[in-house]
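None of the figures in this text is laboratory data; all of them are computed from the coordinates on show. Here the structure is a predicted model, which means the values were calculated and not measured. No Cβ is skipped: glycine too gets one built from the backbone with ideal geometry, and neighbour counts run over all protein chains shown.
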Amino acid sequence: MGNNKPLIAHLCMFTACAIWGLMAPVGKDAMLHGIDGISMVSFRVGGGALLFWLTSLFTPKEHVPLHDIFIFAGAAVFGLVCNQCCFTIGLSLTSPVNASIVTTSMPIFAMLLSFIILHEPITMKKAGGVAIGCIGAVILIVTSVTAANSKVGNIRGDLLVLGAQLSYALFLSLFNKFIKKYSIITVNKWMFLWATLIIWPFSISHVKQIDYASIAPITWLETAYVVVFGTFIGYILIVNAQKVLRPTVVSIYNNVQPIVSVGVSIALGIAILKPTQGLAVLLIFCGVWLVTKSKSKRDLHLQQKL
């Protein structure tokens, strides 16, 4: 069973990113038909908290000291509150294509934060990857600035999605070891509870203002997909993967998201792909590949021993 853990972790990570890749166009369509970005975030964290706490009733109980409960609050701020608020509200402003492309920048943030927080070395390959990835991001943002509609992009939306990647990279750098102490359900039930307590006092007025009677059933199904698959199942899968895979390996799977999102978005007619965005995709992918192929501090240490 132990030998299967890496394979299962890779499958979990791939499935989670495929789910999130589809979530971008599905969530965008819901937000074009009556569910604003702030309300969608509220449904995600509130629905996630409810589902994880209900699931915990049927799983083995774990004792969580008060000190760790408050650490979960910090993890929730970076892993959920800032991450989901920036991503979902950014998605409501920009195109699902741009949102999914920008998610590929997360390994670059992870590398920079590993240098600052964990003192991981920055090799020439890593530096080259960051430079190439940044050029791709700049091209994407410049395209958004000149865009005439949100099918192409929106600079505020792109920057918010970029902020979401920075937030999650901080979460991986600061809390990756901590979350390995507890089960998947325990980690998520406490993080989502904290996220709900933080977000709902500010968002409940938006939720109340929704014209529920005018929203079509398909929009509610799309919202349900975001909550159940994009949140509940997605976070079960990614936490399971994080317990086995290194943060750099976890982050490289973000490349799955644009492939799914771009194809579905263009097929549904809610986004278009410009040649400059294609170039941005290529540059960001190249940058991410160079960063993740670089050796870690542990790899260099082992190499010196040999």
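Key figures
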quantity: Theoretical gain in end-to-end length, Leu54 to Ile117 [0.36 nm per residue, Cα-Cα removed]; calculated: 19.1 nm
quantity: Restraint check, Lys125/Lys177; Lys28/Lys189; Lys126/Lys274; Lys5/Lys189; Lys28/Lys125, Cα-Cα greater than 31 Å; calculated: Lys28/Lys125
quantity: Cβ-derived FRET efficiency at R0 25 Å, Val228 paired with His67, nearest 0.05; calculated: 0.20
quantity: Calculated FRET value between Tyr212 and Lys180, using beta carbons and R₀ = 51 Å, to 0.05; calculated: 0.80
quantity: Binned Cα-Cα distances of the range 1-44, short to long, each 5 Å bin given as a whole percent; calculated: 5, 19, 18, 16, 11, 10, 8, 7, 4, 1
quantity: Calculated from backbone phi, Karplus (6.51, -1.76, 1.60) coupling profile of the range 43-56 in Hz, x at Gly/Pro; calculated: 5, 5, 6, x, x, x, 4, 4, 5, 6, 6, 5, 5, 5
quantity: Cα centroid of the range 1-75 to Cα centroid of the range 175-202, whole Å; calculated: 9
